[in-house]
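Participant: A single structure is presented below for examination.
The values are calculated or read from the model by the stated rules, or taken from the named source; none is laboratory data. None of these values were measured; they are calculated from a predicted model. Please note: Cβ atoms are built from the backbone with ideal geometry, for glycine as well, and neighbour counts cover all protein chains shown. Each accessible area value is taken on the protein alone, full model and side chains, heavy atoms only, with ligands, DNA and RNA left out. Shrake-Rupley method; radii C 1.70, N 1.55, O 1.52, S 1.80 Å.
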Amino acid sequence: MPALLYLGCKIGYNLRFHALSKYPGPLAWRTFEFPHRWYKATGRLPFKIKELHDRYGLVVRTAPNELSFVDPRAWKDIYGHREFMRPDSLRRRPPGVADNLITADADTHARFRKVMNPAFGDSAVRDYEPIVKAYFLKMLARLDERTHGGGYVDLLHFINCGVFDIIGDVTWGRSFDCLEFDQPPALLSVLLHFKAAVIASSISPYVGSLSRVLTPKPDLIRLDHVFASVRQRVSERVTGTARQHDIMSYMLRDPKHSDAILSEAEIQTNSLTLTMTGSEPLTSTLSAAMALLLANPAQLRRVSSEIRAAFASLDDISAREAAELPFLHAVLLETLRIYPAVPDSRLRQVPPGGAVVAGEHLPTGTTVAMGCYSTFRSSRWFTDADTFAPERWLRKNDAEAAEAVRRFPAHNLDAYQPFGIGPRNCLGQALAWVEMRLFLAMLLWKYDLEVPAGEDASSWMDQKIWWTWEKGPLHVKLVQAQ
Ligand code: HEM
(Lines give C-alpha, C1' and ligand atoms only; values in the text may rest on other atoms or scores of the structure.)
Protein backbone atom coordinates (compact mmCIF):
# COMPACT_ATOMS: atom_id res chain seq x y z
CA MET A 1 0.00 0.00 0.00
CA PRO A 2 2.69 2.59 0.89
CA ALA A 3 4.48 1.59 -2.31
CA LEU A 4 1.36 2.26 -4.37
CA LEU A 5 0.88 5.59 -2.62
CA TYR A 6 4.51 6.55 -3.35
CA LEU A 7 4.06 5.56 -7.00
CA GLY A 8 0.86 7.57 -7.30
CA CYS A 9 2.48 10.67 -5.79
CA LYS A 10 5.53 10.28 -8.05
CA ILE A 11 3.40 9.98 -11.19
CA GLY A 12 1.21 12.92 -10.16
CA TYR A 13 4.17 15.12 -9.25
CA ASN A 14 6.23 14.37 -12.37
CA LEU A 15 3.28 14.89 -14.71
CA ARG A 16 1.52 17.85 -13.09
CA PHE A 17 3.76 19.77 -10.71
CA HIS A 18 7.37 19.16 -11.79
CA ALA A 19 9.08 22.24 -13.29
CA LEU A 20 9.48 20.33 -16.57
CA SER A 21 5.88 19.10 -16.70
CA LYS A 22 5.01 21.37 -19.65
CA TYR A 23 7.60 19.75 -21.96
CA PRO A 24 6.47 17.04 -24.39
CA GLY A 25 7.58 13.42 -24.42
CA PRO A 26 6.11 9.95 -24.00
CA LEU A 27 4.20 9.52 -20.75
CA ALA A 28 6.51 6.80 -19.41
CA TRP A 29 9.64 8.90 -20.11
CA ARG A 30 8.19 11.96 -18.40
CA THR A 31 7.24 9.91 -15.36
CA PHE A 32 10.02 7.39 -14.80
CA GLU A 33 13.75 6.96 -15.40
CA PHE A 34 13.46 3.40 -16.67
CA PRO A 35 12.69 3.98 -20.41
CA HIS A 36 15.82 6.15 -20.68
CA ARG A 37 17.89 3.61 -18.75
CA TRP A 38 16.54 0.71 -20.79
CA TYR A 39 17.42 2.29 -24.15
CA LYS A 40 20.83 3.31 -22.83
CA ALA A 41 21.56 -0.18 -21.50
CA THR A 42 20.55 -1.73 -24.83
CA GLY A 43 22.72 0.68 -26.88
CA ARG A 44 19.80 2.35 -28.68
CA LEU A 45 19.33 5.63 -26.79
CA PRO A 46 20.52 8.16 -29.42
CA PHE A 47 18.36 6.51 -32.11
CA LYS A 48 15.31 6.51 -29.85
CA ILE A 49 15.87 10.16 -28.90
CA LYS A 50 15.93 11.03 -32.60
CA GLU A 51 12.57 9.30 -33.05
CA LEU A 52 11.22 11.32 -30.12
CA HIS A 53 12.46 14.61 -31.62
CA ASP A 54 10.92 13.70 -34.98
CA ARG A 55 7.62 13.16 -33.18
CA TYR A 56 7.61 15.83 -30.44
CA GLY A 57 9.74 18.65 -31.85
CA LEU A 58 12.76 20.76 -30.88
CA VAL A 59 12.73 19.96 -27.17
CA VAL A 60 11.77 16.63 -25.60
CA ARG A 61 11.57 15.54 -21.97
CA THR A 62 13.67 12.38 -22.06
CA ALA A 63 13.50 11.63 -18.30
CA PRO A 64 11.67 13.29 -15.38
CA ASN A 65 14.53 15.78 -14.91
CA GLU A 66 16.11 15.78 -18.39
CA LEU A 67 15.52 17.70 -21.62
CA SER A 68 17.01 16.96 -25.03
CA PHE A 69 17.31 19.76 -27.62
CA VAL A 70 17.83 19.88 -31.38
CA ASP A 71 17.38 23.66 -31.54
CA PRO A 72 20.71 25.14 -32.79
CA ARG A 73 20.41 28.01 -30.26
CA ALA A 74 20.88 25.46 -27.48
CA TRP A 75 24.51 24.78 -28.52
CA LYS A 76 25.68 28.12 -27.24
CA ASP A 77 23.30 28.27 -24.29
CA ILE A 78 24.36 24.86 -22.94
CA TYR A 79 27.99 24.43 -23.98
CA GLY A 80 29.08 28.05 -24.20
CA HIS A 81 29.35 28.37 -20.40
CA ARG A 82 31.85 26.71 -18.10
CA GLU A 83 29.25 26.65 -15.28
CA PHE A 84 27.16 24.05 -17.16
CA MET A 85 28.98 21.04 -15.72
CA ARG A 86 28.72 17.40 -16.72
CA PRO A 87 26.36 15.64 -14.26
CA ASP A 88 27.98 14.08 -11.19
CA SER A 89 27.28 10.59 -12.53
CA LEU A 90 29.70 11.27 -15.44
CA ARG A 91 32.30 12.90 -13.21
CA ARG A 92 32.74 10.15 -10.63
CA ARG A 93 36.26 8.93 -10.01
CA PRO A 94 37.58 6.34 -7.58
CA PRO A 95 38.81 7.68 -4.22
CA GLY A 96 42.42 8.88 -4.37
CA VAL A 97 42.44 9.26 -8.18
CA ALA A 98 43.19 12.79 -9.44
CA ASP A 99 40.79 14.80 -11.57
CA ASN A 100 41.02 14.81 -15.35
CA LEU A 101 39.49 17.07 -18.02
CA ILE A 102 36.22 15.15 -17.95
CA THR A 103 35.73 14.98 -14.17
CA ALA A 104 37.13 18.40 -13.17
CA ASP A 105 35.05 21.23 -11.70
CA ALA A 106 34.95 24.57 -13.54
CA ASP A 107 38.10 26.12 -11.99
CA THR A 108 40.22 22.98 -12.19
CA HIS A 109 39.07 22.44 -15.77
CA ALA A 110 40.10 26.00 -16.68
CA ARG A 111 43.57 25.37 -15.18
CA PHE A 112 43.91 22.10 -17.13
CA ARG A 113 42.92 23.76 -20.40
CA LYS A 114 45.33 26.64 -19.81
CA VAL A 115 48.18 24.13 -19.63
CA MET A 116 46.97 21.90 -22.46
CA ASN A 117 45.57 24.31 -25.08
CA PRO A 118 49.05 25.24 -26.39
CA ALA A 119 49.87 21.53 -26.88
CA PHE A 120 47.04 21.39 -29.44
CA GLY A 121 47.53 24.77 -31.11
CA ASP A 122 48.28 25.03 -34.84
CA SER A 123 52.02 25.33 -34.43
CA ALA A 124 52.29 22.35 -32.03
CA VAL A 125 50.16 20.25 -34.37
CA ARG A 126 52.37 21.17 -37.34
CA ASP A 127 55.24 19.66 -35.37
CA TYR A 128 53.27 16.42 -34.81
CA GLU A 129 52.45 16.01 -38.53
CA PRO A 130 55.65 14.09 -39.43
CA ILE A 131 54.88 11.64 -36.60
CA VAL A 132 51.34 11.11 -37.90
CA LYS A 133 52.60 10.62 -41.44
CA ALA A 134 55.28 8.14 -40.35
CA TYR A 135 52.69 5.91 -38.64
CA PHE A 136 50.33 5.99 -41.60
CA LEU A 137 53.26 5.03 -43.87
CA LYS A 138 53.97 2.16 -41.50
CA MET A 139 50.30 1.18 -41.64
CA LEU A 140 50.44 1.12 -45.46
CA ALA A 141 53.57 -1.06 -45.28
CA ARG A 142 51.75 -3.50 -42.96
CA LEU A 143 48.78 -3.55 -45.34
CA ASP A 144 51.17 -4.33 -48.22
CA GLU A 145 52.72 -7.19 -46.27
CA ARG A 146 49.32 -8.58 -45.32
CA THR A 147 47.82 -8.36 -48.82
CA HIS A 148 50.99 -8.83 -50.92
CA GLY A 149 50.05 -5.71 -52.84
CA GLY A 150 46.33 -6.52 -53.02
CA GLY A 151 43.90 -8.63 -50.99
CA TYR A 152 41.44 -8.71 -48.10
CA VAL A 153 41.88 -7.09 -44.68
CA ASP A 154 39.88 -5.94 -41.68
CA LEU A 155 40.65 -2.24 -42.09
CA LEU A 156 39.30 -1.42 -38.61
CA HIS A 157 42.16 -3.37 -37.04
CA PHE A 158 44.79 -1.33 -38.91
CA ILE A 159 43.05 1.96 -38.19
CA ASN A 160 42.91 1.10 -34.48
CA CYS A 161 46.60 0.20 -34.44
CA GLY A 162 47.68 3.31 -36.37
CA VAL A 163 45.58 5.75 -34.37
CA PHE A 164 46.69 4.35 -30.98
CA ASP A 165 50.34 4.35 -32.02
CA ILE A 166 50.02 7.98 -33.09
CA ILE A 167 48.38 9.20 -29.88
CA GLY A 168 50.95 7.29 -27.78
CA ASP A 169 53.84 8.89 -29.63
CA VAL A 170 52.29 12.35 -29.73
CA THR A 171 51.44 12.20 -26.01
CA TRP A 172 54.53 10.53 -24.53
CA GLY A 173 57.04 10.30 -27.35
CA ARG A 174 56.53 6.51 -27.34
CA SER A 175 54.00 4.52 -29.35
CA PHE A 176 52.05 1.47 -28.19
CA ASP A 177 53.84 -0.66 -30.86
CA CYS A 178 50.53 -1.92 -32.18
CA LEU A 179 51.63 -1.71 -35.82
CA GLU A 180 55.05 -3.12 -34.98
CA PHE A 181 53.62 -6.30 -33.44
CA ASP A 182 50.32 -6.30 -35.34
CA GLN A 183 48.54 -6.36 -31.95
CA PRO A 184 45.32 -4.54 -31.06
CA PRO A 185 45.92 -1.85 -28.43
CA ALA A 186 45.62 -3.00 -24.80
CA LEU A 187 43.84 0.30 -24.16
CA LEU A 188 40.81 -1.14 -25.93
CA SER A 189 40.20 -3.02 -22.69
CA VAL A 190 39.66 0.37 -21.03
CA LEU A 191 36.96 1.03 -23.60
CA LEU A 192 35.39 -2.35 -22.88
CA HIS A 193 35.42 -1.43 -19.22
CA PHE A 194 33.68 1.87 -20.02
CA LYS A 195 31.09 -0.01 -22.00
CA ALA A 196 30.44 -2.35 -19.05
CA ALA A 197 30.22 0.71 -16.78
CA VAL A 198 27.78 2.50 -19.13
CA ILE A 199 25.51 -0.54 -19.27
CA ALA A 200 25.74 -1.13 -15.52
CA SER A 201 25.05 2.47 -14.54
CA SER A 202 22.12 2.65 -16.98
CA ILE A 203 20.51 -0.12 -14.97
CA SER A 204 21.21 1.69 -11.69
CA PRO A 205 23.90 4.01 -10.30
CA TYR A 206 24.46 1.40 -7.54
CA VAL A 207 25.04 -1.35 -10.09
CA GLY A 208 27.30 1.10 -11.95
CA SER A 209 29.59 1.43 -8.96
CA LEU A 210 29.92 -2.37 -9.05
CA SER A 211 31.16 -2.27 -12.64
CA ARG A 212 34.61 -3.38 -11.54
CA VAL A 213 33.05 -6.51 -10.08
CA LEU A 214 31.04 -7.03 -13.27
CA THR A 215 33.99 -6.63 -15.67
CA PRO A 216 35.47 -9.99 -16.75
CA LYS A 217 38.71 -10.77 -14.90
CA PRO A 218 41.02 -10.87 -17.99
CA ASP A 219 39.79 -7.36 -18.96
CA LEU A 220 40.46 -6.13 -15.42
CA ILE A 221 44.00 -7.48 -15.55
CA ARG A 222 44.60 -5.71 -18.88
CA LEU A 223 43.02 -2.56 -17.43
CA ASP A 224 45.35 -2.58 -14.43
CA HIS A 225 48.26 -3.21 -16.78
CA VAL A 226 47.27 -0.14 -18.82
CA PHE A 227 47.08 2.07 -15.71
CA ALA A 228 50.45 0.79 -14.51
CA SER A 229 52.03 1.47 -17.90
CA VAL A 230 50.60 5.03 -17.92
CA ARG A 231 52.02 5.67 -14.43
CA GLN A 232 55.39 4.37 -15.56
CA ARG A 233 55.45 6.46 -18.75
CA VAL A 234 54.60 9.61 -16.82
CA SER A 235 57.05 9.03 -14.02
CA GLU A 236 59.86 8.30 -16.53
CA ARG A 237 59.21 11.69 -18.10
CA VAL A 238 58.79 13.55 -14.80
CA THR A 239 62.06 12.25 -13.37
CA GLY A 240 63.96 11.92 -16.66
CA THR A 241 65.77 14.55 -18.62
CA ALA A 242 64.32 13.73 -22.05
CA ARG A 243 62.30 16.69 -23.34
CA GLN A 244 61.17 15.73 -26.81
CA HIS A 245 58.46 17.72 -28.52
CA ASP A 246 55.25 16.00 -27.46
CA ILE A 247 52.14 16.81 -25.43
CA MET A 248 53.89 15.75 -22.24
CA SER A 249 56.50 18.44 -22.79
CA TYR A 250 53.73 21.05 -22.47
CA MET A 251 52.34 19.44 -19.31
CA LEU A 252 55.83 19.39 -17.75
CA ARG A 253 56.59 23.03 -18.39
CA ASP A 254 58.80 24.66 -15.80
CA PRO A 255 56.40 25.83 -13.04
CA LYS A 256 58.51 28.99 -12.59
CA HIS A 257 57.44 30.11 -16.05
CA SER A 258 53.79 29.25 -15.77
CA ASP A 259 50.98 30.27 -13.44
CA ALA A 260 49.12 27.05 -14.18
CA ILE A 261 50.71 23.70 -13.45
CA LEU A 262 49.63 20.08 -13.14
CA SER A 263 50.62 17.66 -10.38
CA GLU A 264 52.14 14.30 -11.38
CA ALA A 265 48.86 12.56 -10.50
CA GLU A 266 46.95 15.03 -12.71
CA ILE A 267 49.40 14.46 -15.55
CA GLN A 268 48.79 10.71 -15.25
CA THR A 269 44.99 10.90 -15.35
CA ASN A 270 44.95 13.57 -18.05
CA SER A 271 47.37 11.76 -20.31
CA LEU A 272 45.18 8.66 -20.09
CA THR A 273 42.15 10.85 -20.91
CA LEU A 274 43.98 12.29 -23.92
CA THR A 275 44.85 8.82 -25.13
CA MET A 276 41.22 7.72 -24.95
CA THR A 277 39.68 10.90 -26.36
CA GLY A 278 42.39 11.11 -29.03
CA SER A 279 41.87 7.59 -30.37
CA GLU A 280 38.30 6.31 -30.27
CA PRO A 281 36.53 9.23 -32.05
CA LEU A 282 39.16 9.13 -34.78
CA THR A 283 38.93 5.38 -35.23
CA SER A 284 35.16 5.82 -35.55
CA THR A 285 35.42 8.64 -38.10
CA LEU A 286 38.11 7.02 -40.27
CA SER A 287 36.39 3.63 -40.39
CA ALA A 288 32.99 5.23 -41.05
CA ALA A 289 34.43 7.36 -43.89
CA MET A 290 35.72 4.18 -45.51
CA ALA A 291 32.45 2.28 -44.99
CA LEU A 292 30.40 5.17 -46.39
CA LEU A 293 32.66 5.50 -49.43
CA LEU A 294 32.60 1.74 -50.04
CA ALA A 295 28.81 1.88 -49.98
CA ASN A 296 28.90 4.80 -52.46
CA PRO A 297 31.33 3.81 -55.25
CA ALA A 298 30.83 6.97 -57.34
CA GLN A 299 31.88 9.14 -54.38
CA LEU A 300 34.81 6.82 -53.70
CA ARG A 301 36.01 7.16 -57.31
CA ARG A 302 35.62 10.94 -57.19
CA VAL A 303 37.59 11.47 -53.99
CA SER A 304 40.31 8.98 -55.06
CA SER A 305 40.72 10.79 -58.41
CA GLU A 306 40.91 14.17 -56.69
CA ILE A 307 43.67 12.92 -54.37
CA ARG A 308 45.68 11.23 -57.14
CA ALA A 309 45.48 14.30 -59.35
CA ALA A 310 46.80 16.49 -56.51
CA PHE A 311 49.80 14.41 -55.40
CA ALA A 312 52.48 12.76 -57.52
CA SER A 313 53.69 10.46 -54.74
CA LEU A 314 52.99 9.48 -51.13
CA ASP A 315 55.92 11.67 -50.08
CA ASP A 316 54.21 14.71 -51.61
CA ILE A 317 51.11 14.38 -49.44
CA SER A 318 50.79 16.97 -46.69
CA ALA A 319 47.86 17.81 -44.43
CA ARG A 320 48.01 21.46 -45.54
CA GLU A 321 47.67 20.61 -49.24
CA ALA A 322 45.10 17.88 -48.56
CA ALA A 323 43.03 20.58 -46.81
CA GLU A 324 42.73 22.33 -50.19
CA LEU A 325 40.92 19.36 -51.79
CA PRO A 326 37.23 20.31 -51.73
CA PHE A 327 35.72 16.87 -52.22
CA LEU A 328 37.96 15.25 -49.60
CA HIS A 329 36.94 17.97 -47.15
CA ALA A 330 33.28 17.44 -48.05
CA VAL A 331 33.60 13.67 -47.49
CA LEU A 332 34.97 14.28 -43.99
CA LEU A 333 32.33 16.87 -43.07
CA GLU A 334 29.61 14.54 -44.29
CA THR A 335 31.05 11.55 -42.41
CA LEU A 336 31.08 13.57 -39.17
CA ARG A 337 27.45 14.53 -39.81
CA ILE A 338 26.10 11.08 -40.70
CA TYR A 339 28.15 9.30 -38.04
CA PRO A 340 28.96 11.79 -35.25
CA ALA A 341 32.05 10.49 -33.47
CA VAL A 342 30.68 11.44 -30.04
CA PRO A 343 27.12 10.32 -30.74
CA ASP A 344 25.65 10.11 -27.26
CA SER A 345 23.99 13.15 -25.70
CA ARG A 346 26.60 15.36 -24.08
CA LEU A 347 24.81 15.87 -20.80
CA ARG A 348 25.21 19.05 -18.77
CA GLN A 349 23.47 20.42 -15.67
CA VAL A 350 21.83 23.84 -15.39
CA PRO A 351 23.94 25.78 -12.83
CA PRO A 352 22.69 27.35 -9.58
CA GLY A 353 20.31 30.23 -10.29
CA GLY A 354 18.80 28.54 -13.35
CA ALA A 355 19.39 29.51 -16.99
CA VAL A 356 17.74 30.11 -20.33
CA VAL A 357 18.28 27.42 -22.97
CA ALA A 358 16.87 28.02 -26.46
CA GLY A 359 14.41 30.52 -25.01
CA GLU A 360 13.27 28.22 -22.16
CA HIS A 361 13.78 29.26 -18.51
CA LEU A 362 15.07 26.15 -16.73
CA PRO A 363 15.59 25.55 -13.02
CA THR A 364 18.90 24.70 -11.32
CA GLY A 365 19.93 21.08 -11.69
CA THR A 366 17.93 20.28 -14.85
CA THR A 367 19.92 17.89 -17.01
CA VAL A 368 20.13 19.21 -20.58
CA ALA A 369 21.79 18.00 -23.76
CA MET A 370 22.01 18.58 -27.45
CA GLY A 371 21.10 15.28 -29.09
CA CYS A 372 23.99 15.20 -31.61
CA TYR A 373 22.77 12.24 -33.60
CA SER A 374 19.23 13.70 -33.61
CA THR A 375 20.42 17.16 -34.64
CA PHE A 376 22.81 16.16 -37.42
CA ARG A 377 20.26 13.71 -38.84
CA SER A 378 17.31 16.08 -38.54
CA SER A 379 15.52 16.83 -41.83
CA ARG A 380 14.72 20.26 -40.33
CA TRP A 381 18.38 21.19 -40.70
CA PHE A 382 19.64 18.95 -43.53
CA THR A 383 17.74 17.88 -46.66
CA ASP A 384 17.78 14.08 -47.09
CA ALA A 385 19.46 13.94 -43.71
CA ASP A 386 19.99 10.17 -43.72
CA THR A 387 21.70 10.20 -47.13
CA PHE A 388 25.49 10.32 -47.41
CA ALA A 389 25.92 13.22 -49.87
CA PRO A 390 29.28 15.02 -49.65
CA GLU A 391 28.12 17.26 -52.53
CA ARG A 392 25.85 19.12 -50.10
CA TRP A 393 29.01 20.75 -48.65
CA LEU A 394 30.33 22.00 -52.03
CA ARG A 395 28.89 25.46 -51.68
CA LYS A 396 31.91 27.53 -52.74
CA ASN A 397 32.39 26.78 -56.42
CA ASP A 398 29.72 28.63 -58.47
CA ALA A 399 28.33 25.85 -60.66
CA GLU A 400 28.39 23.21 -57.96
CA ALA A 401 27.19 25.60 -55.27
CA ALA A 402 24.02 26.36 -57.23
CA GLU A 403 23.40 22.64 -57.66
CA ALA A 404 24.06 21.94 -53.95
CA VAL A 405 21.65 24.69 -52.89
CA ARG A 406 19.01 23.36 -55.29
CA ARG A 407 19.34 19.72 -54.20
CA PHE A 408 19.94 20.36 -50.50
CA PRO A 409 18.05 23.55 -49.55
CA ALA A 410 18.14 22.76 -45.82
CA HIS A 411 21.75 23.16 -44.73
CA ASN A 412 21.94 24.67 -41.27
CA LEU A 413 25.53 25.17 -40.18
CA ASP A 414 24.47 26.46 -36.76
CA ALA A 415 23.08 22.99 -36.03
CA TYR A 416 26.32 21.26 -37.00
CA GLN A 417 29.02 21.19 -34.29
CA PRO A 418 30.93 17.90 -34.64
CA PHE A 419 33.69 19.07 -32.29
CA GLY A 420 31.39 20.80 -29.82
CA ILE A 421 31.69 24.44 -28.81
CA GLY A 422 32.70 26.45 -25.75
CA PRO A 423 35.21 25.83 -22.96
CA ARG A 424 34.81 22.02 -23.06
CA ASN A 425 34.92 21.69 -26.86
CA CYS A 426 37.27 19.21 -28.51
CA LEU A 427 40.80 19.97 -27.43
CA GLY A 428 42.32 17.87 -30.21
CA GLN A 429 40.39 19.03 -33.26
CA ALA A 430 43.40 20.48 -35.14
CA LEU A 431 45.23 17.18 -34.65
CA ALA A 432 42.10 15.27 -35.68
CA TRP A 433 41.92 17.18 -39.00
CA VAL A 434 45.57 16.40 -39.74
CA GLU A 435 45.03 12.71 -39.02
CA MET A 436 41.78 12.50 -40.99
CA ARG A 437 43.21 14.23 -44.06
CA LEU A 438 46.47 12.30 -44.10
CA PHE A 439 44.79 8.94 -43.55
CA LEU A 440 42.28 9.32 -46.36
CA ALA A 441 44.74 10.95 -48.76
CA MET A 442 47.45 8.33 -48.22
CA LEU A 443 45.21 5.24 -48.25
CA LEU A 444 43.19 6.32 -51.29
CA TRP A 445 46.27 7.50 -53.17
CA LYS A 446 47.80 4.05 -52.83
CA TYR A 447 44.84 1.68 -53.10
CA ASP A 448 41.60 1.13 -54.94
CA LEU A 449 39.13 -0.09 -52.35
CA GLU A 450 36.40 -2.65 -53.04
CA VAL A 451 33.72 -4.38 -51.03
CA PRO A 452 34.54 -8.13 -50.79
CA ALA A 453 32.17 -10.33 -52.78
CA GLY A 454 29.06 -11.27 -50.80
CA GLU A 455 29.44 -8.41 -48.29
CA ASP A 456 27.30 -5.29 -47.95
CA ALA A 457 29.25 -2.17 -46.94
CA SER A 458 26.18 -0.27 -45.78
CA SER A 459 25.33 -2.88 -43.13
CA TRP A 460 28.56 -1.97 -41.29
CA MET A 461 26.73 1.13 -40.09
CA ASP A 462 24.10 -0.93 -38.22
CA GLN A 463 25.68 -0.47 -34.82
CA LYS A 464 24.69 0.09 -31.24
CA ILE A 465 26.02 2.93 -29.12
CA TRP A 466 27.41 2.49 -25.63
CA TRP A 467 29.24 5.75 -24.98
CA THR A 468 30.81 5.20 -28.42
CA TRP A 469 29.89 3.29 -31.60
CA GLU A 470 30.10 -0.49 -31.31
CA LYS A 471 32.11 -1.10 -34.47
CA GLY A 472 32.46 -4.49 -36.15
CA PRO A 473 35.27 -5.57 -38.50
CA LEU A 474 35.45 -3.56 -41.74
CA HIS A 475 36.32 -6.07 -44.47
CA VAL A 476 37.85 -4.46 -47.54
CA LYS A 477 39.57 -5.67 -50.69
CA LEU A 478 42.63 -3.54 -51.44
CA VAL A 479 44.10 -3.30 -54.93
CA GLN A 480 47.22 -1.24 -55.68
CA ALA A 481 46.14 1.82 -57.66
CA GLN A 482 47.64 2.02 -61.17
C1 HEM B 1 37.24 13.08 -35.54
C2 HEM B 1 37.82 13.17 -34.38
C3 HEM B 1 37.23 13.80 -33.15
C4 HEM B 1 35.96 14.24 -32.91
C5 HEM B 1 34.77 14.27 -33.84
C6 HEM B 1 35.95 14.76 -31.56
C7 HEM B 1 34.84 15.32 -30.95
C8 HEM B 1 34.81 15.78 -29.64
C9 HEM B 1 33.66 16.33 -28.98
C10 HEM B 1 32.30 16.50 -29.63
C11 HEM B 1 34.00 16.66 -27.72
C12 HEM B 1 33.11 17.31 -26.66
C13 HEM B 1 32.53 16.27 -25.76
C14 HEM B 1 31.58 16.87 -24.73
O15 HEM B 1 31.06 17.96 -24.95
O16 HEM B 1 31.32 16.22 -23.71
C17 HEM B 1 35.40 16.32 -27.57
C18 HEM B 1 36.11 16.52 -26.42
C19 HEM B 1 37.45 16.24 -26.31
N20 HEM B 1 38.30 15.81 -27.32
FE21 HEM B 1 37.78 15.32 -29.20
N22 HEM B 1 37.19 14.63 -31.01
C23 HEM B 1 38.01 14.06 -31.97
C24 HEM B 1 39.35 13.81 -31.85
C25 HEM B 1 40.13 14.17 -30.78
C26 HEM B 1 41.56 14.05 -30.73
C27 HEM B 1 42.50 13.56 -31.85
C28 HEM B 1 41.95 14.46 -29.49
C29 HEM B 1 43.39 14.50 -29.01
C30 HEM B 1 43.78 14.16 -27.85
C31 HEM B 1 40.75 14.84 -28.76
C32 HEM B 1 40.70 15.30 -27.45
C33 HEM B 1 39.55 15.70 -26.80
C34 HEM B 1 39.53 16.08 -25.39
C35 HEM B 1 40.71 16.09 -24.45
C36 HEM B 1 38.21 16.41 -25.09
C37 HEM B 1 37.66 16.89 -23.73
C38 HEM B 1 37.83 18.40 -23.66
C39 HEM B 1 37.38 19.00 -22.35
O40 HEM B 1 36.49 18.45 -21.70
O41 HEM B 1 37.93 20.06 -22.04
N42 HEM B 1 39.67 14.67 -29.59
N43 HEM B 1 35.86 15.79 -28.76
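Participant: Taking segment 288-342 on its own, how many of its residues are polar (S, T, N, Q), crowded, with 18+ Cβ neighbours inside 10 Å and not in a loop (DSSP other than H, G, I, E, B)?
Facilitator: The total comes to 3.
Participant: Taking the conditions exactly as written (open to solvent by less than 30 Å² (accessible area, probe 1.4 Å), within 16 Å of the ligand (Cβ to nearest atom), under 22 Å from the mean Cα position of the chain (by Cα) and at pLDDT 75 or above), does residue 251 satisfy them or not?
Facilitator: No, not satisfied.
Participant: Moving to a separate point now. Does residue 32 qualify as being aromatic (Phe, Trp, Tyr) and surrounded by fewer than 18 Cβ atoms within 10 Å (Cβ to Cβ)?
Facilitator: So residue 32 passes the test.
Participant: Okay, next question. If you go through segment 343-356 one residue at a time, how many are open to solvent by less than 10 Å² (accessible area, probe 1.4 Å) and either closer than 16 Å to residue 429 by Cα or within 15 Å of the ligand (Cβ to nearest atom) (or both)?
Facilitator: 1
Participant: For segment 404-458, which positions are aromatic (Phe, Trp, Tyr) and away from the ligand (no atom under 16 Å from the Cβ)? Give the derivation first.
Facilitator: Within segment 404-458, the subset aromatic (Phe, Trp, Tyr) is 408, 416, 419, 433, 439, 445, 447.
Of everything in segment 404-458, those that are aromatic (Phe, Trp, Tyr) and away from the ligand (no atom under 16 Å from the Cβ) turn out to be 408, 445, 447.
Participant: Let me ask another. Return the residues of segment 1-22 that are under 18 Å from residue 65 (Cα atoms), assigned to a loop (DSSP other than H, G, I, E, B) and open to solvent by 100 Å² or more (accessible area, probe 1.4 Å); say none if nothing qualifies.
Facilitator: The one that is under 18 Å from residue 65 (Cα atoms), assigned to a loop (DSSP other than H, G, I, E, B) and open to solvent by 100 Å² or more (accessible area, probe 1.4 Å): 22.
Participant: Inspect all residues belonging to segment 390-397 and state whether any of them is of a type outside the set (S, T, N, Q), more than 16 Å from the ligand (Cβ to nearest atom) and without any contact (Cβ under 8 Å) to a residue 40 or more places away in the chain.
Facilitator: Yes, some residue in segment 390-397 is of a type outside the set (S, T, N, Q), more than 16 Å from the ligand (Cβ to nearest atom) and without any contact (Cβ under 8 Å) to a residue 40 or more places away in the chain.
Participant: So residue 280 fits all but one of (1) out of contact with any strand residue (DSSP E or B) (no Cβ under 7 Å at 6 or more places or on another chain); (2) buried (at least 23 other Cβ atoms within 10 Å of the Cβ); (3) modelled with pLDDT under 95; what number is the exception?
Facilitator: (1)
Participant: Would a scan of segment 217-237 turn up a residue that is at pLDDT below 75, over 27 Å from the mean Cα position of the chain (by Cα) and either more than 16 Å from the ligand (Cβ to nearest atom) or closer than 14 Å to residue 116 by Cα (or both)?
Facilitator: yes
Participant: A follow-up question, please. Kindly evaluate residue 66 against the criterion of being surrounded by 15 or more Cβ atoms within 10 Å (Cβ to Cβ), of a type outside the set (Gly, Ala, Ser) and under 29 Å from residue 377 (Cα atoms).
Facilitator: Yes: the conditions hold for residue 66.
Participant: Please give the helices (runs of 4 or more DSSP H) falling wholly within segment 45-145 in which 1 or more residues are aromatic (Phe, Trp, Tyr).
Facilitator: By residue number, 45-56, 73-79, 106-116.
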